[in-house]
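All of the numbers you see were taken from the coordinates with simple rules; none came from a lab. Since the model is a prediction, treat every value here as computed from it, not as a measurement. Methodologically, a virtual Cβ is constructed for each residue, glycine included, from the backbone with ideal geometry; neighbour enumeration extends over all protein chains shown.
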Amino acid sequence: MLQSPAAIHGEWFSRLRTWTVGGVVLAILASQVFLPVELPLTELFAVALLVLVSNVLLIVRLRRGPVGDGVLFGLMLLDVAALTVLLALTGGPSNPFSTLYLVYIAWGAVVLRPRATWALAVTGMLGFGLLFFVSRSLEGVAQVPHAAHAAHAGPQDHMLHLRGMWVAFGVAAVFIVYFIQRVSIALARRDLELTRARDEFTKTQRLAALATLSAGAAHELATPLSTIAVVAKELERSLSDDPARTAAAEDARLVREQVQRCRAILDHMAAEAGEAAGERLSTVDAAAVVERALSGLKPDVRARVALEQAPPPSPTLAGQVPLEALARSLRGLVENAAHAGPADTPVTLRVKVEEECVCFEVHDDGPGMDDETLARVGEPFFTTKPPGIGMGLGVFLARSVAEQLRGRLDFRSTPGVGTTATVRLPRGGVAA
């Protein structure tokens with residue numbers, strides 16, 4: 001199971017803190033053995049124990065799930081404060097381990113939000129600067145100046161060097177935070193683009209699979225349906241000669257009608273599978289799309305459409321467009337709206353022209369959709385219609401066509417009010 005970024009951040013931060021506590025303890029013990037200094041061991045181990053206890057609590061909390069950025073930020077501030085106390089007790093700004101501030105700043109730049117990262121960097125700089133004052137006031141603490149500098153420089157020059165180190169630390173912190181954040185943002189954008197490309201590829205594969213399935217089904221069912229139609233016609237002809245079998249002849253005629261209906265459905269499936277992909281591309285305007293979409297509607301559905309078209313001259317769509325595929329997609333949205341709303345209510349088809357796109361809006365006064373249903377609209381084979389009515393492919397195909405034309409299909413819905421489907425396509429010039 002893949003871990004979320006928050007879970008990964010929390011896990012590795014707990015490891016960083018564990019290693020930090022272990023390193024502090026080893027450094028204290030090594031200094032007692034190899035360095036001729038006296039350290040306040042009680043205070044040092046107390047600080048290390050505080051960090052260790054907070055880390056144990058963090059590990060226990062991580063077992064229940066990831067923690068938020070606020071928790072990580074608070075623990076990082078605690079660690080920076082603990083590091084400041086440790087450095088103040090062991091030499092102040094002359095302690096070479098002051099560079100550990102940069103570890104927390106770099107880690108914060110990776111996992112925290114920009115404001116929190118800059119706050120952490122400022123806290124580290126203040127902590128380092130505080131060492132110039134706090135460490136001097138501690139009595140009995142061994143000062144450990146840089147040996148190389150102490151050999152050729154006086155105390156004043158040595159202090160000037162330490163202040164220069166503090167300034168260099170601030171510059172390094174600013175560079176680390178700025179560039180790590182810029183790289184993180186660039187990587188996040190690249191991951192988003194890769195995710196979108198992967199989604200587009202998956203949709204294309206689904207559409208190709210559906211097209212193959214539709215074409216195969218149409219081909220396999222065409223022959224037996226033709227046989228049934230021929231047999232039903234012969235049966236109807238033979239029964240029509242016998243007045244006593246008029247009812248049976250009517251049944252045979254009904255069989256023929258249903259077979260013709262099945263053939264029409266198969267022709268539609270074949271069109272969805274092949275004609276859209278192989279259709280000739282042309283430059284079309286919004287009015288042509290609307291006209292072609294409405295021309296294929298059933299008379300009862302067409303009578304309910306209230307058209308609010310863009311004023312002439314009608315804008316053209318950008319690039320070369322498969323008119324029939326686009327019109328079929330828009331027609332499917334109109335049919336869905338007619339089915340969703342009451343039979344005595346109109347279906348509004350509105351064409352709007354915006355600065356960079358042409359919008360085809362289809363609105364119904366149906367029951368609307370809740371958030372869960374709205375999130376699933378467009379999934380293959382998902383439908384809100386009763387069983388036997390629709391396959392749940394109309395919206396999926398409409399969205400696929402819109403996205404292939406560098407547009408998109410959006411839905412707005414309010415339960416009890418209605419639903420609006422909007423196809424947005426990039427516009428070209430104005431039709432002559």
Here the gain from full extension of Ser4 to Lys385, 0.36 nm per residue of separation minus their alpha-carbon distance, amounts to 133.5 nm
Two pseudo-spin positions, 7 Å from Cα along C-beta at Asp191 and at Asp344, lie apart in nanometres by 5.6 nm
The aspartates and glutamates whose Cα lies under 18 Å from the Cα of Lys352, excluding any fewer than 8 residues away in the same chain, are Asp285, Glu291, Glu308, Glu361, Asp364, Asp410
Between Glu11 and Arg261, the two model label points (7 Å from Cα along the beta-carbon direction) sit apart by a distance in nm of 5.7 nm
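Return Met369, Met76, Met159 ranked ascending by Cβ neighbour count within 10 Å, so the fewest neighbours appear first.
Details: Met369 20, Met76 25, Met159 15.
By the 10 Å Cβ count, ascending: Met159, Met369, Met76.
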With x for Gly and Pro, the residue-by-residue ³J(HN,Hα) of segment 164-180, computed from phi through the Karplus equation 6.51 cos²θ - 1.76 cosθ + 1.60 at θ = phi - 60° and given in whole Hz, is x, 5, 5, 5, 4, 4, x, 4, 4, 4, 5, 4, 4, 5, 5, 6, 5
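Please give the FRET efficiency for Thr99 paired with Asp199, using the beta carbon to beta carbon distance and R0 = 45 Å, rounded to the nearest 0.05.
Values: r = 44 Å, r/R0 = 0.98.
E between Thr99 and Asp199, to the nearest 0.05, is 0.55.
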Nearest-0.05 FRET efficiency for Thr227 and Leu254 at R0 = 25 Å, using Cβ-Cβ distance, is 0.90
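Based on the alpha carbons, how large is the Rg to Rh ratio for segment 286-430 when Rh follows Kirkwood?
Rounded to two decimals, Rg over Rh is 0.94.
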Note: Ala81 to Arg412 extended length (0.36 nm per residue) minus current alpha-carbon separation gives 114.1 nm
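Among residues other than Leu50 whose Cβ falls under 15 Å from its Cβ, what is the net charge (Lys/Arg +1, Asp/Glu -1)?
Details: positive: Arg17; negative: Glu43, Asp79.
So the surrounding residues net to -1.
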Charge tally for neighbours of Leu235 with beta carbon under 11 Å away, counting Lys, Arg as +1 and Asp, Glu as -1, is +2
Distance in Å, no decimals, from the C-alpha centre of segment 298-361 to the one of segment 1-64 is 64 Å
